[in-house]
Amino acid sequence: MAQVKKKIKNGKFSKTFKIIGIICIILMIIFFIFLGKLNVLPGLYFGIILGVFFFISCLSLFAIFKFKKGLKIIALSILILIGSISMIGCYYLYHTDAFLNQSFRNRKSSYTTVYYLVSAKESTLDDISSISSSIGYYSASALMEDAMKSLRSKSGKEFSFVPYDDVITMFQNVLAQAIPVMLIEQTNYNLVFDINKDLKREQFKVIDEVRFDTEVDSEVETTGNKFSIYVGGNDFTNSLMDFNMVITVNMDRHQVLMTSFPRDYYIPVAGFDGKRDTLSFMGARGIETNRKSLEDFLGIELGYYIKVQTHSLVRLVDEIGGIEYCSDISFKTTHAKILDDYNDQHGEKMYVTKGCHHFNGIETLTVARERLAFPDGDRQRQKNCQQIIKAIFKQLLSTNTITNYNNILNSLNDLYQTNIPREVITDFIKETIDGANWEIKEQSVNGTDGENYVHLTNLRSYVMNPDMNTVNAAINEIKAVLE
């Protein structure tokens, strides 16, 4: 410092300092280019910040070149501070921009369907190449033509197929080796053993499988400042949609309405001539089936969707430092604190006392899965998921995210897929920065317990028949937000 003062006093101010000052100005310019491209600041705020920074920077740079003595050091210190802030800001803005580009853009939705080739355990068949005779299949199975095509492509063979009108009869015939092998959708195969206890999984073997992707065009244009979003949650099975919600947003009035639907809600399946299925089982046919089915059922436009991978919830909650969950009752979970498995016999259960608790990721997932521990079953689970979403949103808006910003963005990327355009998100952020006080309301629909055909088969299982009084009341609330 003494040497610097001596140079200033002798009029020998180093050109290095002038270069440093210019570099700081350049960093500031780059920062504002990034900020402008991100487009999350209201125009007035952007103009004020830009004006203040440029005024102070130009004044400081002028002081470095023209003023003498101590003012030069003060001016240089100010520019270095501005340059440092700009450099740090560029880091965060760059990663935010990359995240928004990757996560919020119009895209096509696709889902993978898996069909199993199944024989009796005692059969000598061991893979697709060993099949030389007829293959059984359920005649009303969705996408069976695609499965047969994939089977021919994989094997290079032509097969003869035997249709069955009854899934259980087909299983019994395979077990008796009246027919050597059957082609059946993965989820239907697993469902049979849950419904028919006379059939045992150990009596059969999966000798091979075929997979094929179905692509659905889900690209949409921005739908204005009032819109509804379908949110579906897959657990690790990646086929059942266990969480179903419609989020309705009014950007003008800063209102958000979350409407939850039980997983076993029994409604017509879009594109299947009025046949009904549960929202959970519809998930095997991709999120577009759930979105369009709820859109038709409610009579409202659901242009956007968000597909949440609930197993990624663990990482996100841990990255944001956990969330607060409050329960009106004490309960013990039937699910264990384990990830990507339902083998609850060997894991630790949670005992949640009445009141508020701070949960980490695996604890949050365990509670989000839970339904059997509650008198209201899945209805309470939907309410818990609403509370968890609000708690995560609150944490994301806190200052705690700054220190772990990049990891949180990576966690969010793994958490969901969506067709929401980037400008919808940036407008939401802009409104929030502008001081919007978002009014968040919750509602759910109800129904009566029943049993009916599921998974578009002749298999019968538990369903919840919609209570249209609660459905119509929910529709009226949604439409009120959209007005």
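The values are calculated or read from the model by the stated rules, or taken from the named source; none is laboratory data. In this text the structure is predicted, and so the values were computed from the model without any measurement. All Cβ positions, even for glycine, are placed from backbone atoms using ideal geometry, and neighbour counts span all protein chains on display. When the accessible area is computed, the model is the full protein with side chains, heavy atoms only, and any ligands, DNA or RNA have been set aside. Shrake-Rupley method; radii C 1.70, N 1.55, O 1.52, S 1.80 Å.
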So for segment 171-211, considering every pair of alpha-carbon atoms, how many percent are separated by more than 14 Å? 47
From the cross-link list Lys200/Lys337; Lys37/Lys390; Lys383/Lys441, which pairs have alpha carbons spaced over 18 Å apart? Lys200/Lys337; Lys37/Lys390
Taking only Cα atoms of segment 95-233, radius of gyration then Dmax in Å: 19.9, 62
Tell me, what HN-Hα J-couplings in whole Hz come from the Karplus equation 6.51 cos²θ - 1.76 cosθ + 1.60 at θ = phi - 60° for each residue of segment 51-58, using x for Gly and Pro? x, 5, 4, 5, 5, 5, 5, 5
Stretched out fully, how many nm does the piece from Asn437 to Thr124 gain, at 0.36 nm a residue minus the Cα gap? 106.0 nm
Positive-pole candidate from Ser327, Asn196, Ser444, dipole of the chain, charges at beta carbon: Ser327
Starting from the Kirkwood radius over alpha-carbon pairs of the chain, derive D by Stokes-Einstein at 4 °C in a medium of 1.567 mPa s and give it in µm² s⁻¹. 49
Please give the helix 15-38 orientation as an angle from the longest Cα principal axis of the chain, in degrees from 0 to 90, rounded to the nearest 10. 40
From Cα pairs below 8 angstrom and at least 6 apart in sequence, can you work out the relative contact order of segment 426-483, rounded to a whole percent? 27
Relative contact order, percent, segment 266-410 [alpha-carbon distance under 8 Å, six or more residues apart]: 20
Signed unit charges on C-beta, dipole axis of the chain, positive-most listed residue Val246, Ile73, Gly435: Ile73
Report, in debye and to the nearest 20, how large the dipole of the chain comes out about its Cα centre when Lys and Arg carry +1 and Asp and Glu carry -1 on their Cβ. 3920
Calculate the dipole size of segment 98-215 relative to its Cα centre from +1 charges on Lys and Arg beta carbons and -1 charges on Asp and Glu beta carbons; express the result in debye to the nearest 20. 400
For 347-358, 243-254, ranked highest to lowest by mean beta-carbon neighbours within 10 Å, the order is 243-254, 347-358
Using only alpha carbon pairs under 8 Å that are at least six residues apart, calculate the relative contact order of the chain and give it in whole percent. 17
Where the centroid of each part is defined by its Cα atoms, how far is segment 382-411 from segment 268-325 in Å? 20
How big is the dipole moment of segment 170-327 about its Cα centre under a simple scheme where the beta carbon of each Lys and Arg is +1, that of each Asp and Glu is -1, and everything else is neutral? Debye, nearest 20, please. 400
So which of Lys18/Lys430; Lys307/Lys332; Lys226/Lys354; Lys354/Lys394; Lys307/Lys394; Lys157/Lys275 end up more than 27 Å apart by C-alpha? Lys18/Lys430; Lys307/Lys332; Lys226/Lys354; Lys157/Lys275
At a 1.4 Å probe, what is the % contribution of carbon and sulfur to the accessible area of the chain? 54
Antiparallel %, DSSP beta bridges [both residues in the chain], to 5: 75
Kirkwood Rh and Cα Rg combined as Rg over Rh, evaluated for segment 371-446: 1.03
Taking R0 as 51 Å, what FRET efficiency do you get between Lys18 and Thr401 from their Cβ-Cβ distance, rounded to the nearest 0.05? 0.85
Taking amide H atoms as placed 1.01 Å from N in the peptide plane, list the residues 5 or more away in sequence, or in a different chain, whose amide H sits under 5 Å from that of Asp242. Gly233, Asp235
Which cysteines does the chain leave without a neighbouring Cys Cβ under 4.7 Å? Cys24, Cys58, Cys90, Cys385
Reciprocal mean inverse distance between Cα atoms of segment 345-483 - Kirkwood radius, Å: 19.0
Which value, in Å², gives the accessible area per residue of segment 282-434 when a 1.4 Å probe is used on the protein heavy atoms? 44
Crossing angle, helix 405-415 versus the chain [Cα axis fit, 0-90 degrees, rounded to tens]: 20
Would you please give the FRET efficiency between Lys149 and Ile195, computed as 1/(1 + (r/R0)^6) with r the Cβ-Cβ distance and R0 = 35 Å, to the nearest 0.05? 0.75
Helix 287-298 vs. the chain, principal-axis angle (Cα, 0 to 90°, nearest 10): 80
